[in-house]
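Throughout, read-outs are computed from the coordinates displayed, never taken from laboratory work. Since the structure is predicted, the reported quantities are computational estimates derived from the model, not experimental observations. Here the Cβ positions follow ideal geometry from the backbone for every residue, glycine too, while neighbour counts run over all protein chains shown.
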Amino acid sequence: VAANALKRIARNDGMKQYIQNSKDLYPVFQRAAKRFITGETREDGIQRARSLNDKGYPVSLEYIGENTATKEECVKAKNEMIELIGDIQSHGIDSKISFDLSHIGLSVDESLALKHMDELAGVAKQHVCYLMISMEESAKTNSILNIYKQVSSIYNNVGITLQVNLKRSLDDLRELLHFPGKIRLVKGAYKESPEIMIQRSEELNHRYLQFVQECLDVNHPISIATHDEKLLNEIKKRGYAQKSNVEIEMLDGIRPDLINQSKEEGYNTRVYLLYGLEWFLYVCHRLAENPPNIYQFIADMVNV
Ligand code: FAD
């Protein structure tokens, strides 16, 4: 119930505004955010990236945001990402950049997202930077894949995220294997209708293994983006994670022990970092998907 409530709060602008104006509730969300978000500025992101690089982890950096509603805001977000690309290079940071296409135009107009994506890919190419497109709700899947395929046909420094839990994704995977970009395999964060989605289950984990196997069969670069220890152990046991073009990627702050163990075992690892002001929705998602997070969050609320 609490998980669904959090997901509803995340999507409800009135509720979000109410919480942001509440002297009691907002600090509880801010406290939760500290666990999942690096900070509010680009400098915060770069600083955390440097500290993780120093510990031996390459990172992915995301300037957080999605569903940007105006063209002006999309241009601002795209420009922030261009600054980020420049800072990554000038500070010598080992980082990819991840983002939602709806942050830079998809919620306004698909052609705006394509235009911004094309510009970002060109700038990133000049700065030897790799871009990873995130995957959003299923209503956007076709548009996101269309844009990726167009840009990926021109630039070889762009990759895509695929949600294993969507029933359509196996067909999508087989098509994506014809494009050069890295494929980041995730279980999927969005609540979709049961007709199109497979719930968290053994079946989903088997499917995840199948996706990994199909990528490896054609030697395609992948990111194994999961915190599921059992699944990851199986992937390691089968020798899937040993290849040089396979990496294990986790969100910062979720399973630091597990990513550290994987690094110590000699696997390629990467940590995913976020910075920015628009953290509210992301934090609600991270709280909602894991029961202990919800208990902690409720305990914090009771103690306000
Ligand atoms: P689950 O089966 O959900 O969880 C397995 C175990 O991991 C849990 O038992 C728990 O121990 C731990 N765990 C999982 N989540 C949490 C949490 N929030 N707090 C504490 N422990 C937790 N999803 C998208 O839909 N689109 C994207 O573009 C996208 N990009 C991602 C990029 C990266 C690098 C990663 C790691 C995830 C991304 N996700 C994305 C999120 C993903 O889809 C899942 O929602 C998320 O990773 C949780 O699923 P899981 O594979 O870890 O396994």
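Structure above, values below:
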quantity	calculated
Calculated [θ] (222 nm, deg cm²/dmol) that DSSP helices of n ≥ 4 give over the chain, each run adding -39,500 (n - 2.57)	-16000 deg cm²/dmol
Proportion of all alpha-carbon pairs of the chain beyond 30 Å (%)	30 percent
Cβ-Cβ FRET estimate between Lys55 and Ile298, R0 fixed at 41 Å, reported to 0.05	0.80
Which listed pairs, of Lys55/Lys125; Lys34/Lys115; Lys78/Lys236; Lys78/Lys140, have C-alpha distances above 28 Å, in listed order	Lys34/Lys115; Lys78/Lys236
Separation of alpha-carbon centers, segment 193-250 and segment 1-45, rounded to whole Å	30 Å
Packing rank of 26-37, 234-245, where each peptide gets the mean count of other beta carbons within 10 Å, highest leading	26-37, 234-245
Zone of Gln199's modelled label, taken as backbone nitrogen in segment 1-45 under 20 Å from a point 7 Å along Cα→Cβ	1-8
Förster-model FRET efficiency, 25 Å R0, Gln126 and Arg255, C-beta, rounded to 0.05	0.10
Counted charge near Val123, where neighbours are those whose Cβ lies closer than 11 Å (Asp, Glu -1; Lys, Arg +1)	-1
FRET efficiency for Ser153 and Tyr26, using Cβ-Cβ distance with R0 set to 35 Å, rounded to 0.05	0.20
Segment 204-304: proportion of alpha-carbon pairs further apart than 19 angstrom, %	52 percent
Percent of beta bridges antiparallel (DSSP, the chain, rounded to nearest 5)	5 percent
